[in-house]
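Working notes for the structure below.
The values are calculated or read from the model by the stated rules, or taken from the named source; none is laboratory data. Keep in mind it's a predicted model, so treat the numbers as computed, not measured. Here the Cβ positions follow ideal geometry from the backbone for every residue, glycine too, while neighbour counts run over all protein chains shown.
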Amino acid sequence: MSSGASYPEDRLYHCEHDWALIDGEVATFGITWFAQDALGEVVFFDPPEVGSSVTANEFYAEVESVKAVSDVIAPLSGEIVEVNTALADTPETINEDPYGAGWMVKVKLSDPGEQDALLDCENYVSSLS
Amino acid sequence: MPTPTLKRTPLFDSHRDAGAKLVPFAGWEMPVQYADGIRAEHVAVRTAAGIFDVSHMGEVETSGPDAEALLQRVLTNDISKLAIGGAQYALLCNEAGGVLDDLFTYRIAPDRFLTVTNASNHDADVAWMRDQAAGLDVEIHDGRESYAMLAVQGPRAREIVQAVSDSPLPDRMQAGRRIIRGASALVCGTGYTGEDGVELLVDPEDASALWDDIVRRGAVPCGLAARDTLRLEACFHLYGNDLSIERGPIEAGLGWACSEDTGFVGADAVRAVRAAGPREKLVPFTISGPGIAREGNPVIGGGEVTSGTLSPSLGIGIGMAYVPAQRANVGERFEIDVRGKTRAAVVASKPLYSHDEQTDG
């Protein structure tokens with residue numbers, strides 16, 4: 001388990017505890033420290049397929065802890081161009097490094113304007129309290 | 001709707017101080033896990049010792065000349081075979097043979113018994129026993145407020161508890177009074193983890209100091225989540241999941257805990273199912289590939305998963321499911337619809353994990 005709560009300022013947040021790190025027309029998605037802490041030890045990540053499309057505010061993957069399964073919500077819409085296949089063998093990376101090696105998918109954005117609906121770090125953190 | 005007030009065990013402050021995540025469970029605010037997580041707790045019980053607060057479970061004390069007659073009437077097992085200082089597992093059934101609860105009963109004295117109930121069924125169990133006691137000379141005491149209950153489980157559990165006991169601990173499936181840290185406790189050689197260990201029924205006022213001492217002596221505090229993964233590896237039933245009023249003991253594989261000749265409530269229904277053979281059977285299973293089946297997932301071709309998790313000991317998805325009886329043989333392959341994805345599973349033998357059989361684990 002990662003030790004303390006952290007929320008990097010370099011990315012945008014969805015209120016369902018997901019993050020998007022935008023680099024041009026491609027964004028990387030993952031879940032926040034809060035989400036992995038609430039889940040507990042992640043034991044299984046079921047990724048979507050490369051080439052499939054994701055829609056903002058809808059789920060695109062499942063993440064399971066020992067206790068329960070949770071949907072992972074897409075913060076933005078687009079087409080999956082890469083999935084983090086390393087998570088198949090080491091899903092606990094999602095707990096250990098949720099903003100780095102625990103990333104889930106990379107998405108070619110279909111509507112970059114959607115990011116206006118996301119929260120910046122400060123607003124996301126205040127939404128948690 | 002107002003939020004119902006959750007009950008707290010005498011150990012609530014200890015749990016909070018230890019960094020537990022506390023969740024509502026059957027009307028109680030209970031620790032689901034502590035700071036180091038479910039896996040660490042699970043491994044502690046498999047390799048050393050863990051301690052669980054199970055004070056949410058209820059106790060019913062029955063005494064008097066007809067105490068045995070009452071228990072023979074309501075419990076499926078043959079209470080006349082329970083010796084003083086012994087423990088016996090049984091079910092409580094309705095007339096139709098549906099399961100109302102599963103419980104352990106201890107014979108304290110020739111005409112005095114203590115029965116441990118599931119938290120969610122306790123009030124209904126007490127009411128049921130009072131109804132069934134009509135015409136019998138028996139006193140039924142709701143003992144829930146009288147006891148805190150701690151389970152110390154794992155290969156080191158007995159050694160840890162022995163060190164604070166005035167005399168040797170009862171053997172497995174035995175129970176007796178001991179002086180533990182200067183206070184009287186009912187020590188039971190029972191548990192719900194598949195490991196050796198004891199369950200301690202103590203005065204609520206003694207619970208906190210006892211908990212702290214056992215933790216100090218090396219038992220790891222464990223929450224309800226690890227209790228669930230441990231019991232599922234051991235293939236112990238969980239009421240509300242694997243047992244319910246909708247299904248009977250034979251379907252659940254608990255025919256060994258039923259003695260129909262005693263004429264218990266529901267005996268005729270149970271006898272009929274045993275004779276004809278159940279339509280469905282509860283089987284333990286493992287998932288053959290990736291994925292984890294969960295409670296409520298349909299079995300393709302009929303049946304459903306009633307418990308499912310990732311086995312921390314085996315590293316694969318495990319569970320229990322009701323399947324058509326003709327497909328319940330060990331080794332039989334079947335498929336489970338896990339949220340729209342088909343997962344391959346195979347009927348396994350009990351238990352799913354055994355301390356003694358683990359050679360490469």
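May I ask you to say which residue of A:PHE59, A:PHE29, A:PHE34 is in contact (Cβ under 8 Å) with a residue 60 or more places away in the chain, within 14 Å of another protein chain (Cβ to nearest Cβ) and within 17 Å of A:LEU118 (Cα to Cα)? Exactly one of A:PHE59, A:PHE29, A:PHE34 is in contact (Cβ under 8 Å) with a residue 60 or more places away in the chain, within 14 Å of another protein chain (Cβ to nearest Cβ) and within 17 Å of A:LEU118 (Cα to Cα), namely A:PHE34. Taken across region B:35-48, residues that are part of a loop (DSSP other than H, G, I, E, B), over 21 Å from the mean Cα position of the chain (by Cα), away from every other protein chain (no Cβ under 14 Å) and in contact (Cβ under 8 Å) with a residue 24 or more places away in the chain do not occur at all.
Only one of the numbered conditions (1) away from chain B (no Cβ under 14 Å); (2) part of a loop (DSSP other than H, G, I, E, B); (3) polar (S, T, N, Q) is not met by A:THR90, and that is (1).
Looking at region B:173-183 only, could you name the residues that are assigned to a loop (DSSP other than H, G, I, E, B), surrounded by 14 or more Cβ atoms within 10 Å (Cβ to Cβ) and not hydrophobic (A, V, I, L, M, F, W, C)? Don't jump to the end; show me each part of the working.
Our first condition is that a residue be assigned to a loop (DSSP other than H, G, I, E, B); within region B:173-183, this holds for B:173, B:181-182.
Cutting the leftovers down to surrounded by 14 or more Cβ atoms within 10 Å (Cβ to Cβ) gives us B:173, B:181.
Listed by number, the list holds a single entry, B:ARG181.
When the test is whether a residue is under 17 Å from the mean Cα position of the chain (by Cα) and within 14 Å of another protein chain (Cβ to nearest Cβ), B:HIS122 does not pass it. The residue that is nearest to A:GLU64 (Cα to Cα), counting only those in region A:89-118 that are touching a residue at least 40 places away in the same chain (Cβ under 8 Å) and of a type in the set (Gly, Ala, Ser), is A:GLY102.
What are the residues in region B:297-315 that are in contact with a strand residue (DSSP E or B) (Cβ under 9 Å, 6 or more places away or on another chain), within 14 Å of chain A (Cβ to nearest Cβ) and under 18 Å from B:PHE236 (Cα atoms), if any? Lay out the reasoning, then the answer.
Going residue by residue through region B:297-315, those that are in contact with a strand residue (DSSP E or B) (Cβ under 9 Å, 6 or more places away or on another chain) are B:297-312, B:314-315.
Right, trim to within 14 Å of chain A (Cβ to nearest Cβ) and you get B:297, B:305, B:307-312, B:314-315.
Once the filter is applied, which keeps residues that are in contact with a strand residue (DSSP E or B) (Cβ under 9 Å, 6 or more places away or on another chain), within 14 Å of chain A (Cβ to nearest Cβ) and under 18 Å from B:PHE236 (Cα atoms), region B:297-315 yields B:VAL305, B:SER307, B:GLY308, B:THR309, B:LEU310, B:SER311, B:PRO312, B:LEU314.
The listed residues are B:ALA67, B:ALA26, and the only one of them that is of a type in the set (A, V, I, L, M, F, W, C) and out of contact with any helix residue (DSSP H, G or I) (no Cβ under 8 Å at 6 or more places or on another chain) turns out to be B:ALA67. Reported count of residues in region B:188-205, each being closer than 27 Å to B:SER313 by Cβ, in a strand (DSSP E or B) and either out of contact with any Cys (no Cβ under 8 Å at 6 or more places or on another chain) or in the same structural domain as B:TYR106 (by TED's automatic domain parsing) (or both), is 2.
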